[in-house]
Structures are given as structure tokens and as C-alpha cells.
1. Can you give the angle from 0 to 90° between the axis of helix 220-232 and the longest principal axis of the chain, with both taken from C-alpha atoms, to the nearest 10?
2. Compute the length gained on full extension between residue 127 and residue 292: take 0.36 nm times their separation in residues and subtract their Cα-Cα distance, giving the result in nm to one decimal.
3. Which of 11, 177, 131 moves most in a GNM of the chain, Cα contacts under 10 Å?
4. Would you look at the GNM of the chain, springs on alpha carbons closer than 10 Å, and say which of 380, 68, 208 moves the most?
5. Return the percentage of antiparallel bridges among DSSP beta bridges fully within the chain, rounded to the nearest 5 %.
6. If you take every DSSP beta bridge whose two residues both sit in the stretch 1-154, what share of them, in percent to the nearest 5, is antiparallel?
7. Taking the Cα atoms of the stretch 132-265, what is the range of coordinates along each of the three principal axes, in descending order and whole Å?
8. If you count, for each residue, the other Cβ atoms within 10 Å and average over each peptide, how do 336-344, 254-262 line up from highest to lowest?
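Values quoted throughout were computed directly from the atomic coordinates according to the rules given, and no laboratory measurement underlies them. All values derive from a computational prediction rather than experimental measurement. Don't worry about glycine lacking a Cβ; one is built from the backbone with ideal geometry, like all the others, and counts go over all protein chains shown.
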Ligand SMILES: Cc1cc2nc3c(=O)[nH]c(=O)nc-3n(C[C@H](O)[C@H](O)[C@H](O)COP(=O)(O)OP(=O)(O)OC[C@H]3O[C@@H](n4cnc5c(N)ncnc54)[C@H](O)[C@@H]3O)c2cc1C
């Protein structure tokens with residue numbers, strides 16, 4: 001099977017790119033020339049995984065089928081996992097995939113391409129900590145769903161347990177850890193509202209962070225506000241605490257042991273080990289090294305998003321964020337549009353940091369907006385920050401569903417929530 005453009009990975013960046021190229025080429029040309037490959041059959045925007053994990057977002061409702069998205073946006077889609085790359089013959093190998101019973105779903109296949117875009121994201125970085133298998137991660141929708149099921153079971157057990165408490169520890173005080181803790185508090189409060197007083201149980205939530213403050217990548221004022229907001233909700237925030245090992249029921253840390261019924265690892269990211277075996281230049285974190293045109297070390301192969309190590313000014317790399325994947329997808333859309341028309345692409349990719357917003361649940365958020373009027377930075381909080389946070393999600397939907405589709409979907413979800421409540425308990 002041959003396609004002019006093959007995009008591997010239909011996440012925050014790859015899906016936007018495939019959808020925009022497909023729409024540009026139209027019904028007749030699109031599916032023939034642009035192919036998206038993903039190891040999953042449905043797309044979920046990764047920044048919502050902490051909500052799926054807490055049960056405050058239903059992944060079955062949130063997930064969008066790649067087959068439907070492909071038909072609507074006129075690109076081709078095939079299920080598969082990247083296993084090998086031959087950049088000399090412009091060929092890639094997709095491994096066989098099996099269902100839960102071990103039955104073959106799709107066989108091993110070979111595809112040829114003229115231009116390839118790698119957009120396969122990243123996974124967790126355990127920094128060699130022993131006992132990693134005892135922690136939950138939030139790498140894919142399936143991980144978040146697994147945690148949600150176990151959390152709901154733990155909530156139920158705790159309501160009938162003698163000590164009436166549940167200990168959850170989140171390793172990592174970055175945006176993911178902070179947002180997850182806010183969602184877990186909401187899930188707990190909503191659960192308590194339906195229980196008899198004698199079944200009410202305590203949620204002992206702890207964030208463990210090795211750095212001196214949480215949200216270390218954001219201004220100090222934002223870290224301090226987030227810490228106060230979390231502590232007001234009885235979350236224990238332990239900074240300057242290094243996790244040395246994970247055990248089934250506890251964490252061994254530089255400040256002593258912390259008992260835990262559930263442990264979530266949200267302390268760092270790393271690209272897949274397999275990336276180093278594709279014959280492209282990679283970093284220690286297994287990211288594909290790209291230049292300011294997002295070209296990898298092989299001709300015709302580009303990389304974007306979390307799996308790409310892209311220079312950003314002096315000695316820095318573009319951060320692994322959805323907004324970076326979105327900007328890189330837009331840049332490659334321009335490049336590939338020119339190449340598909342047999343024209344030479346121009347320009348260099350320049351990452352523009354618009355700041356970061358962190359959701360604190362209950363219609364609250366905090367963050368900073370960068371490079372506003374006169375290049376000044378703004379501090380935002382409360383409902384405005386939360387709305388701006390939600391608008392990032394809507395922008396992603398707009399890129400893959402169009403304005404009308406995004407409006408209908410947002411309205412449908414709002415109405416559905418009104419009727420069935422926020423928490424997914426089944
Ligand atoms: C809980 C959480 C909250 C976050 N919140 C924010 C936020 O608020 N703001 C922000 O900017 N960023 C946030 N991020 C980071 C953001 O999600 C990522 O930076 C972004 O999703 C990266 O986009 P991507 O396209 O590179 O990869 P992804 O969105 O991860 O997509 C990768 C895709 O590749 C597919 N894939 C992987 N390996 C293979 C393979 N071998 N073969 C085929 N397909 C493959 C996957 O199925 C997936 O669809 C958050 C992340 C998490 C986990």
C-alpha cells in the first residue's frame with residue numbers, strides 16, 4: 001500500500017495534521033494521498049486523561065472514532081503499530097495486532113510513503129525507580145480507564161471498610177499531578193453525596209514532588225496559589241521529597257515511607273524505547289532529533305509533538321505540550337501542502353509559548369498567559385482561567401471537526417452532563 005503522506009500517531013498533533021491535509025485535498029484526492037496510522041481505533045485528547053481517570057469524563061463519550069474522522073476529513077486510516085522503518089526504501093512496517101483474547105485483528109503489514117510524519121507521543125519516565133509496576137500511569141485512554149475502574153472499586157470498598165479511609169498518592173507535582181488531584185477530590189465529594197453518613201470515608205490524597213515546589217515550570221506565584229488551593233481541600237503536598245522505591249502498599253521516599261492504596265505516577269515523560277531502533281538520530285529520552293523544519297536525520301521523515309526533540313532558542317527544546325504539537329502540526333501542514341503541489345516549502349518552525357493553564361476543578365483554574373499586549377505576561381485565575389483552559393480543547397476539536405461539529409458536540413456534552421451528572425460510576 002502506498003500513500004504520499006503517512007502520519008503515524010493520531011494524537012494532539014498527528015490527527016490535526018491528517019485532518020487538515022485530508023480536507024485540503026478533498027473527497028477525491030484525500031484518502032488516496034494521506035494515510036493516518038494509529039494503534040488505537042479511537043482518538044481521545046490526551047490532556048483530558050486525568051478526568052477520564054477520576055471518572056469525571058466518560059472516555060466512551062469523549063472518544064472519537066478514527067474511521068468516522070477519516071471519512072469526514074477525507075484521509076485514509078489504518079489500525080497498526082509502528083514496528084520498523086527503512087528510510088532508504090521509504091518503507092515502514094506495522095506489527096500484527098491482537099484483541100484481548102489474543103485473536104489476530106490485523107496482520108503485519110508494510111507501507112510505502114513519500115513523506116512520513118512521526119507523531120507517536122511519549123510515555124512515562126520512571127527514572128529507574130524500582131517497583132514501577134505498582135503504579136498507575138496516564139499514557140493512553142486504556143490506562144486512565146483501568147485506574148478509574150480500580151478507583152471506583154476502592155471507593156466502594158472504603159465505604160464499608162472498618163477504617164473508612166482511602167490513601168491515594170500521586171508522584172509528580174506538575175500540571176498532570178495537580179489537575180488529577182483536583183479531579184479526584186471532586187469525584188470523592190460527588191461519591192460522598194450519595195452515601196449514608198455511616199459509609200462516609202476519608203480520601204487521604206498526597207502529592208509527592210522532588211522539586212522544592214509544585215508546578216516548578218510555572219511562575220512561583222502560580223505554584224503558591226495552587227498549593228494553597230490544594231491544601232485547603234486537605235491534599236497533603238510534600239515537596240523536596242524524592243521517591244526511592246514503590247511497593248504494593250507504600251512508597252519509600254527520602255522523607256520516610258508513605259502508605260498508599262493506589263499510586264499514580266505522573267512524574268515525567270519519556271518517548272518509547274523502540275524509537276531508538278528506527279535508524280534515526282534520537283536523544284537519551286528516545287525523542288527523534290529534528291531541525292527547525294521538523295526534519296529528522298532521514299530524508300522525507302518529519303517528527304512532531306512529544307516524540308520530537310526540537311530546538312527552541314539557546315540550548316532549550318520545545319516543551320512536550322499539546323500547544324507545541326498543535327503549532328508543529330500547523331507548520332507541517334504548510335510544508336506538506338507545498339510538497340504535495342510539487343513546490344519547495346520554505347520557513348522555519350518557531351515555537352510560541354502562550355503560557356500554561358492549570359485546572360483546579362470546580363470551575364476554577366490558574367495560569368499565566370505569555371506575550372500578550374506589549375509582550376507582557378498575565379496572571380489569570382478562577383472561572384476565566386477555566387474557560388480559557390476549556391477553549392484549548394475546543395480549538396483541538398475545531399481542527400478535526402470544524403466549527404459546526406465542535407459547537408454541536410460541546411452542546412450535546414453539556415446537556416448530557418446536566419442529565420446524567422459528572423461522575424461516571426459504571
Ligand atoms: C493527564 C495529562 C494532562 C495534560 N495536560 C496538558 C495541558 O493542559 N496542556 C498541554 O499543552 N499539554 C498537556 N498534556 C501534554 C499533552 O497531552 C501532550 O504534550 C500531547 O498530547 C502530545 O501530542 P502528540 O501528538 O505528540 O502525542 P499524543 O497526543 O500522545 O498522541 C500520540 C498518538 O500516537 C499513537 N501511537 C503511539 N505509539 C504508536 C505506535 N508505535 N504506532 C502507532 N501509533 C502510536 C497513540 O495511540 C496516540 O494516538 C497533558 C498530558 C497528560 C497525560
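1. 50
2. 56.5 nm
3. 131
4. 68
5. 50
6. 50
7. 42, 31, 31
8. The most tightly packed comes first, giving 254-262, 336-344.
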